[in-house]
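Below is one structure, written out as structure tokens; comments come after it.
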Amino acid sequence: MPRFFILLALVGFLASAKAQDVVRFANGDLLRGALEQLSPTNGLQWKRADVLDPLKFRVEELAEVEFGPRPEAPAVSGDLTVLRLNNLDEIQGKLISVDQTNVVLAPWFANAGGPVTADNRLTIPRTNVLLVAPLGPGRRLVFEGPTGLEGWTKSKVTAVNGEAGEWRFKNNAFYATESASIARDLKLPDISSFQFDMEWRGFFYLAVALYTDYLHPVNLASKETEPDFGGFYSLQLNSFSANLLPVTKTDPLKYLGQAPVPGLAQKTNARVDIRVNKPKRTIGLLVDGQLVKEWVDSETFAGKGTAVRLVHQGQGAVKLHNIRVFEWDGYYEEKPTNSVALKSDLVKLRNGDRIFGSITKVAENTLSVASTAQNLDIPMARVKQLDFADRTLQTNVPPRSVRAHLATGGRLTFELDSWSPSAARIRHPLFGVAELKPEAFTKLEFFPLTGKAQP
Amino acid sequence: MSGKLWPLITALLVAASLVAEAQTSAPAAGTNAVSRAGVLQLFDGSILHGSLDTMSPSNGLRWDFPAAEKPLRFTPTNLASVRFDTTAGAVAGARPNSRFKFKNGDDIFGDLAQVTDSQVALQTWFGSDLKAAREALHSIVFSRKGFATLYEGPTSAEGWKMGNTPRPWIYRDGVFVAQSADALGRDVGLKGSSRVEFDLAWVGSLSMSVTLYTENVSRFDYGSSSYMFYLGPGSLSLQRVQAGAGVMLLGQAQIPAMFKKNKMRLELRCNTEEGTIAAYADGQLLQKWKDQNGFVAKGTGLVFFSQMDGPSVKVSNIKVSEWDGRFENEGVTETKDDVLYLANRDKVVGNLMGVADGKVKFKASDTELQIPLERVTQIVFAPGATNQAPTAPWEVRAHFSAGETVALNLEHWDGKQFLGKSRNFGQVSFKPEAVREIHFNLDRHRLAESGSAPVDEFLELE
């Protein structure tokens with residue numbers, strides 16, 4: 001799990017607006033409410049205010065429980081590392097050590113951001129660990145909102161159909177159903193990630209002005225007669241495609257290329273993530289985590305400001321929320337890759353180098369590896385991934401297993417002892433008994449009777 | 001304590017115990033009950049397949065849910081609806097001559113027995129004969145052919161034909177869902193003038209067609225004559241497909257509201273004698289067209305064709321009925337008096353004195369008229385006092401399988417009996433097996449229909 005995803009997931013976790021837990025049954029039905037108790041023997045005890053008797057469901061009829069927002073959100077500080085286990089479970093935390101026998105991790109969901117102590121460390125036999133992927137420190141959050149209209153500049157847009165509206169703020173979201181503009185100096189860093197959740201009805205058309213210094217809409221058809229404005233990039237997104245063009249007051253309009261956005265017409269919501277690398281003059285668009293296109297401007301970077309302007313182009317009803325700006329390091333995230341057929345350990349470095357050998361230990365942020373040529377000590381900050389040799393994937397889920405999904409995207413598959421809002425007691429096949437903080441998890445999946453093939 | 005008080009206290013205790021007994025003895029769980037399979041929906045989005053056991057204000061709604069260790073009992077707080085898997089339909093060949101619309105939203109097809117200065121009497125297929133206060137009535141629409149239902153559903157995929165695609169339409173809980181570009185057709189027996197109504201919901205950019213009077217119900221066929229409505233984002237167009245002559249665009253109508261929502265009820269009416277075709281969205285007339293070539297289609301089938309990929313279109317609550325080709329005249333006259341619409345398109349304003357023995361007695365100005373009922377197309381009653389919209393916790397709305405709907409304060413349901421008190425009809429007893437769906441918390445349904453409820457946050461902005 002890349003570090004960026006982890007932080008985003010945590011922020012998303014904090015901002016989640018789901019009101020209740022949801023239990024989904026094997027037949028596809030669902031019921032909202034709150035989990036009270038869960039155990040293999042007593043089933044799922046569920047709470048709702050509108051029932052006359054306590055609710056109790058058989059575990060073998062459950063498909064999953066999805067949790068609503070938690071009163072206490074997990075926090076992460078310092079460097080994070082992902083461990084992927086042989087059964088493809090994935091957990092994150094602070095890597096304490098690796099030796100010939102064990103991997104020791106302080107998972108964030110055991111200490112909830114508190115100081116690492118011996119009590120909340122997981123000691124996992126090294127033979128059960130597939131890979132270790134350090135994620136490094138988190139990235140700086142530059143802006144998060146909206147929390148109101150203050151600080152934003154709303155403007156009327158001259159609409160083709162004559163119907164100009166305005167963005168409205170409600171429940172931490174902006175809504176527009178007619179042509180409207182809203183802008184703010186978000187202090188976009190030179191290398192940035194600008195993200196928002198978008199929902200819509202009908203055919204939508206949104207223009208996002210990036211790195212602008214002008215907070216009012218610019219009519220591109222008559223831009224030369226508009227009040228003075230500095231250059232910016234206009235990312236034009238609709239239900240089917242995206243297009244990008246640099247806009248200056250005097251230069252002719254020049255599209256950098258249209259890209260189809262597959263599947264968008266069949267959806268009503270998406271997460272949009274715009275990655276800009278000003279020094280390299282690149283602008284990338286990710287929709288729901290998938291890179292749609294990265295444009296490269298062969299001219300000088302057109303953007304003269306650090307503001308963003310969001311312009312509803314008069315089509316569809318659009319909602320924007322969870323707007324965030326992060327500093328970015330210029331690298332798109334990659335998921336760690338499995339290398340299960342290795343005869344020796346493999347160290348992948350951030351600069352692309354690879355070292356085969358025997359990983360001796362990791363201690364005090366230093367990796368010791370014995371390669372055929374020499375013994376090396378490498379700072380962990382340079383390490384992208386450690387793959388251990390001679391691993392066999394465990395591709396089936398044992399019957400009666402429960403899989404818990406972490407707010408940060410990882411997961412654990414285990415036999416459940418008990419689960420309540422205050423404590424979860426589990427037996428993990430690869431590291432044994434553990435007690436976890438339930439609020440760290442977003443979902444429980446049930447594999448009641450037969451083992452299912454791993455997804 | 002004075003000895004004289006003992007008899008009074010004893011009497012009070014007995015009375016209290018009787019009240020308590022009455023409250024708790026209402027249908028004991030499962031006793032004599034006939035559970036009916038269906039789906040329960042709550043306003044928070046919860047959905048449970050199971051069977052309705054009993055309902056009463058004292059014991060709540062008791063729902064058998066297979067995954068639960070014992071039946072669930074809900075208070076009415078969040079109940080949205082119960083929809084049954086199967087329903088007994090109207091008597092085959094039934095042709096009620098009148099449609100009664102009440103001010104509280106009750107809507108009943110039946111036979112008019114009598115209207116007096118204070119009361120209306122009617123007969124229905126799904127319950128006992130009903131009598132209501134005349135002031136509760138909004139209008140009576142008469143059909144010279146009778147309101148015969150040709151098809152009402154879906155209740156399963158049986159009888160429907162789908163295209164040969166890897167991902168055909170699927171049926172679930174009274175709803176057809178398109179999985180890919182595919183046809184869904186049925187011979188619904190369209191013959192003569194007709195009305196086709198259905199609920200449509202979509203995700204993303206809608207693209208689908210609805211073909212009427214086609215001879216080929218398994219695909220779109222240019223080789224047979226039909227009329228095809230095409231629904232795109234914010235618009236609807238009508239094309240005549242004529243075997244051997246190709247396709248002709250007859251017209252288009254804009255539906256701007258489609259840009260801001262993702263569901264609506266469509267009604268398509270065809271008058272085969274006059275060659276006129278009309279489309280309504282959410283009860284509002286969009287457009288009427290006239291085919292100058294006359295009505296060319298000869299088939300009896302209906303085909304929905306989704307042109308989108310993925311589960312993007314849902315079709316439900318389909319009703320196909322015969323139509324006498326006459327349009328209602330609702331809301332066009334602002335008057336405090338009764339209004340009588342006649343077959344020759346005349347309109348008379350005045351006071352309806354009564355309907356009996358096939359004759360309408362009407363007083364216009366100072367003239368008393370006696371008009372044969374077959375010459376009357378519609379009576380719109382003077383606005384007068386309206387009965388209040390339902391608000392009580394157990395005030396439910398029953399939807400019957402032929403499209404009728406009645407609100408009532410539920411007293412008891414056990415699958416054999418459906419008892420309650422209607423604001424319009426007083427104490428009523430309906431056949432439970434005739435009920436297709438029951439709606440609860442009617443205020444919240446009304447808000448949803450009007451676009452004011454937080455069912456869709458975009459509509460909430462309007």
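How about the stretch B:192-258: which strands (runs of 3 or more DSSP E) wholly inside it have at least 2 residues that are farther than 25 Å from B:Gly174 by Cβ? Can you show your working first?
Details: elements: B:194-202, B:208-214, B:226-232, B:235-242, B:246-254.
The qualifying strands (runs of 3 or more DSSP E) are B:226-232, B:235-242, B:246-254.
Residues checked against (1) assigned by TED's automatic domain parsing to the domain that holds B:Gly192; (2) surrounded by 21 or more Cβ atoms within 10 Å (Cβ to Cβ); (3) touching a helix residue (DSSP H, G or I) at 6+ places or on another chain (Cβ under 9 Å); (4) more than 28 Å from B:Val315 (Cα to Cα):
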| position | (1), (2), (3), (4) |
| --- | --- |
| B:Lys103 | no, no, yes, yes |
| B:Ile108 | no, yes, no, no |
| B:Val115 | no, yes, yes, yes |
| B:Val120 | no, yes, yes, yes |
| B:Trp125 | no, no, yes, no |
| B:Ala132 | no, yes, no, yes |
| B:Leu137 | no, yes, no, yes |
| B:Ile140 | no, yes, no, yes |
| B:Gly153 | yes, yes, no, no |
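Across the stretch A:179-214, what is the total count of residues that are among the acidic types (Asp, Glu) and part of a strand (DSSP E or B)?
Going through the stretch A:179-214, the residues among the acidic types (Asp, Glu) turn out to be A:185, A:190, A:197, A:199, A:213.
Filter once more, so that each one left must be part of a strand (DSSP E or B): A:185, A:197, A:199.
So the count comes out to 3.
Identify, by number, the condition in (1) modelled with pLDDT of 90 or more; (2) within 14 Å of another protein chain (Cβ to nearest Cβ); (3) surrounded by fewer than 19 Cβ atoms within 10 Å (Cβ to Cβ) that B:Asp309 doesn't meet.
All conditions are met except number (1).
Within the stretch B:394-413, is there a residue that is surrounded by fewer than 14 Cβ atoms within 10 Å (Cβ to Cβ) and out of contact with any Gly (no Cβ under 8 Å at 6 or more places or on another chain)?
No.
In this structure, is A:Lys187 farther than 30 Å from A:Gly148 by Cβ and surrounded by fewer than 18 Cβ atoms within 10 Å (Cβ to Cβ)? First the steps, then the outcome.
Working: farther than 30 Å from A:Gly148 by Cβ: no; surrounded by fewer than 18 Cβ atoms within 10 Å (Cβ to Cβ): yes.
Considered against the rule, which asks whether it is farther than 30 Å from A:Gly148 by Cβ and surrounded by fewer than 18 Cβ atoms within 10 Å (Cβ to Cβ), A:Lys187 comes out as no.
Is it the case that some residue within the stretch B:305-312 is assigned by TED's automatic domain parsing to the domain that holds B:Ser207 and in a strand (DSSP E or B)?
Start the filter on the stretch B:305-312 by keeping residues that are assigned by TED's automatic domain parsing to the domain that holds B:Ser207, which leaves B:305-312.
In the following step, the residues that additionally are in a strand (DSSP E or B) were identified as B:305-306.
Looking through the stretch B:305-312, at least one residue is assigned by TED's automatic domain parsing to the domain that holds B:Ser207 and in a strand (DSSP E or B).
Identify, from the list A:Ala73, A:Ala63, A:Ala49, the residue that is in a loop (DSSP other than H, G, I, E, B) and at pLDDT 85 or above. I'd like the intermediate steps shown before the answer.
On the way: A:Ala73 fails: at pLDDT 85 or above; A:Ala63 fails: in a loop (DSSP other than H, G, I, E, B).
Exactly one of A:Ala73, A:Ala63, A:Ala49 is in a loop (DSSP other than H, G, I, E, B) and at pLDDT 85 or above, namely A:Ala49.
Please tell me if A:Gly303 is over 21 Å from A:Pro189 (Cβ atoms) and in the same structural domain as A:Ser181 (by TED's automatic domain parsing). Outline the logic, then answer.
On the way: over 21 Å from A:Pro189 (Cβ atoms): no; in the same structural domain as A:Ser181 (by TED's automatic domain parsing): yes.
No: the conditions fail for A:Gly303.
Give the residue that is modelled with the highest pLDDT, with candidates limited to residues of the stretch A:147-186 that are of a type outside the set (A, V, I, L, M) and more than 31 Å from the chain's Cα centre (by Cα). I'd like the intermediate steps shown before the answer.
Step one: list which residues in the stretch A:147-186 are of a type outside the set (A, V, I, L, M), which gives A:147-148, A:150-156, A:158, A:161-163, A:165-172, A:174-175, A:177-179, A:181, A:184-185.
From what is left, the residues that are more than 31 Å from the chain's Cα centre (by Cα) are A:155-156, A:158, A:161-163, A:165.
On the way: A:Ser155: 91, A:Lys156: 85, A:Thr158: 73, A:Asn161: 57, A:Gly162: 56, A:Glu163: 67, A:Gly165: 84.
Among residues in the stretch A:147-186 that are of a type outside the set (A, V, I, L, M) and more than 31 Å from the chain's Cα centre (by Cα), the one modelled with the highest pLDDT is A:Ser155.
Which condition number does A:Ala221 fail, the rest of (1) among the hydrophobic types (A, V, I, L, M, F, W, C); (2) part of a strand (DSSP E or B); (3) within 30 Å of B:Gln254 (Cβ to Cβ) being met?
(2)
Restricting to the stretch B:158-183, name every residue that is aliphatic (A, V, I, L, M) and part of a loop (DSSP other than H, G, I, E, B). Reasoning before the result, please.
Residues of the stretch B:158-183 that are aliphatic (A, V, I, L, M), as a first pass: B:162, B:170, B:175, B:177-178, B:181, B:183.
Once the filter is applied, which keeps residues that are aliphatic (A, V, I, L, M) and part of a loop (DSSP other than H, G, I, E, B), the stretch B:158-183 yields only B:Ala181.
If you go through the stretch A:257-303 one residue at a time, how many are surrounded by fewer than 18 Cβ atoms within 10 Å (Cβ to Cβ), out of contact with any Ser or Thr (no Cβ under 9 Å at 6 or more places or on another chain) and over 22 Å from B:Val203 (Cα atoms)?
8
Give just the number: which of (1) surrounded by fewer than 17 Cβ atoms within 10 Å (Cβ to Cβ); (2) within 14 Å of another protein chain (Cβ to nearest Cβ) does B:Leu206 not satisfy?
Evaluating B:Leu206 over (1) surrounded by fewer than 17 Cβ atoms within 10 Å (Cβ to Cβ); (2) within 14 Å of another protein chain (Cβ to nearest Cβ) leaves (1) as the failure.
Only one of A:Phe194, A:Phe229 is within 23 Å of A:Val276 (Cα to Cα), away from chain B (no Cβ under 14 Å) and in contact with a helix residue (DSSP H, G or I) (Cβ under 9 Å, 6 or more places away or on another chain); which?
Details: A:Phe194 fails: in contact with a helix residue (DSSP H, G or I) (Cβ under 9 Å, 6 or more places away or on another chain).
On inspection, the qualifying residue turns out to be A:Phe229.
Can you pull out every residue in the stretch A:51-69 that is acidic (Asp, Glu) and either more than 10 Å from chain B (Cβ to nearest Cβ) or surrounded by 17 or more Cβ atoms within 10 Å (Cβ to Cβ) (or both)? Lay out the reasoning, then the answer.
Of all residues in the stretch A:51-69, those acidic (Asp, Glu) come to A:53, A:60-61, A:64, A:66.
Matches in the stretch A:51-69: A:Glu61, A:Glu64, A:Glu66.
If the requirement is being assigned to a strand (DSSP E or B) and at pLDDT 95 or above, which of these qualifies: A:Val23, A:Val82?
Testing whether each residue is assigned to a strand (DSSP E or B) and at pLDDT 95 or above leaves just A:Val23.
Restrict the check to the stretch A:162-175 and report whether at least one residue is hydroxyl-bearing (Ser, Thr, Tyr), assigned to a loop (DSSP other than H, G, I, E, B) and either crowded, with 16+ Cβ neighbours inside 10 Å or in the same structural domain as A:Val296 (by TED's automatic domain parsing) (or both). Talk me through it step by step, then tell me what you get.
Residues of the stretch A:162-175 that are hydroxyl-bearing (Ser, Thr, Tyr), as a first pass: A:175.
Subset that is assigned to a loop (DSSP other than H, G, I, E, B): none.
No, the stretch A:162-175 contains no residue that is hydroxyl-bearing (Ser, Thr, Tyr), assigned to a loop (DSSP other than H, G, I, E, B) and either crowded, with 16+ Cβ neighbours inside 10 Å or in the same structural domain as A:Val296 (by TED's automatic domain parsing) (or both).
If I filter the stretch A:27-46 down to residues being without any contact (Cβ under 8 Å) to a residue 60 or more places away in the chain and in a loop (DSSP other than H, G, I, E, B), which single residue comes out as surrounded by the fewest Cβ atoms within 10 Å (Cβ to Cβ)? Show your work before the answer.
Our first condition is that a residue be without any contact (Cβ under 8 Å) to a residue 60 or more places away in the chain; within the stretch A:27-46, this holds for A:27-33, A:41-46.
Adding the requirement that they be in a loop (DSSP other than H, G, I, E, B) leaves A:27-29, A:41-42.
Working: A:Asn27: 13, A:Gly28: 10, A:Asp29: 20, A:Thr41: 7, A:Asn42: 12.
Among those that are without any contact (Cβ under 8 Å) to a residue 60 or more places away in the chain and in a loop (DSSP other than H, G, I, E, B), it is A:Thr41.
Given the criterion aliphatic (A, V, I, L, M) and outside any strand (DSSP E or B), identify the matching residue among B:Ala398, B:Ala392. Steps first, answer last, please.
On the way: B:Ala398 fails: outside any strand (DSSP E or B).
Result: B:Ala392 is the single residue among B:Ala398, B:Ala392 that is aliphatic (A, V, I, L, M) and outside any strand (DSSP E or B).
Go through the residues of the stretch B:111-119 one by one and say whether even a single one is in contact with a Lys or Arg (Cβ under 8 Å, 6 or more places away or on another chain) and free of Cβ contacts under 8 Å to residues at least 24 places away in the same chain. Steps first, please.
Filtering the stretch B:111-119 down to residues in contact with a Lys or Arg (Cβ under 8 Å, 6 or more places away or on another chain) leaves B:115-119.
In the following step, the residues that additionally are free of Cβ contacts under 8 Å to residues at least 24 places away in the same chain were identified as B:118-119.
Scanning the stretch B:111-119, I find at least one residue that is in contact with a Lys or Arg (Cβ under 8 Å, 6 or more places away or on another chain) and free of Cβ contacts under 8 Å to residues at least 24 places away in the same chain, so the answer is yes.
Could we say that B:Val141 is outside any loop (DSSP other than H, G, I, E, B) and farther than 22 Å from B:Asp85 by Cα here?
yes
For (1) in a strand (DSSP E or B); (2) at pLDDT 75 or above; (3) closer than 26 Å to B:Thr124 by Cβ; (4) touching a His at 6+ places or on another chain (Cβ under 6 Å), each residue gets a yes or a no:
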position	(1), (2), (3), (4)
B:Ala29	no, no, no, no
B:Ala33	no, no, yes, no
B:Arg62	yes, yes, no, no
B:Val82	yes, yes, yes, no
B:Gly89	no, no, yes, no
B:Gly105	no, yes, yes, no
B:Phe109	yes, yes, yes, no
B:Leu112	yes, yes, yes, no
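Just one of (1) surrounded by fewer than 19 Cβ atoms within 10 Å (Cβ to Cβ); (2) within 14 Å of chain A (Cβ to nearest Cβ) trips up B:Val247, so point out which.
Single failed check for B:Val247: (2).
Got a number for residues in the stretch B:53-74 being at the interface with chain A (Cβ under 8 Å from one of its Cβ atoms), surrounded by fewer than 18 Cβ atoms within 10 Å (Cβ to Cβ) and either in contact (Cβ under 8 Å) with a residue 60 or more places away in the chain or in contact with a Phe, Trp or Tyr (Cβ under 9 Å, 6 or more places away or on another chain) (or both)?
Residues flagged as at the interface with chain A (Cβ under 8 Å from one of its Cβ atoms), surrounded by fewer than 18 Cβ atoms within 10 Å (Cβ to Cβ) and either in contact (Cβ under 8 Å) with a residue 60 or more places away in the chain or in contact with a Phe, Trp or Tyr (Cβ under 9 Å, 6 or more places away or on another chain) (or both) within the stretch B:53-74 amount to 2.
The values are calculated or read from the model by the stated rules, or taken from the named source; none is laboratory data. Only a predicted model underlies this, so the values are computations on that prediction, with no experimental measurement involved. Please note: Cβ atoms are built from the backbone with ideal geometry, for glycine as well, and neighbour counts cover all protein chains shown.
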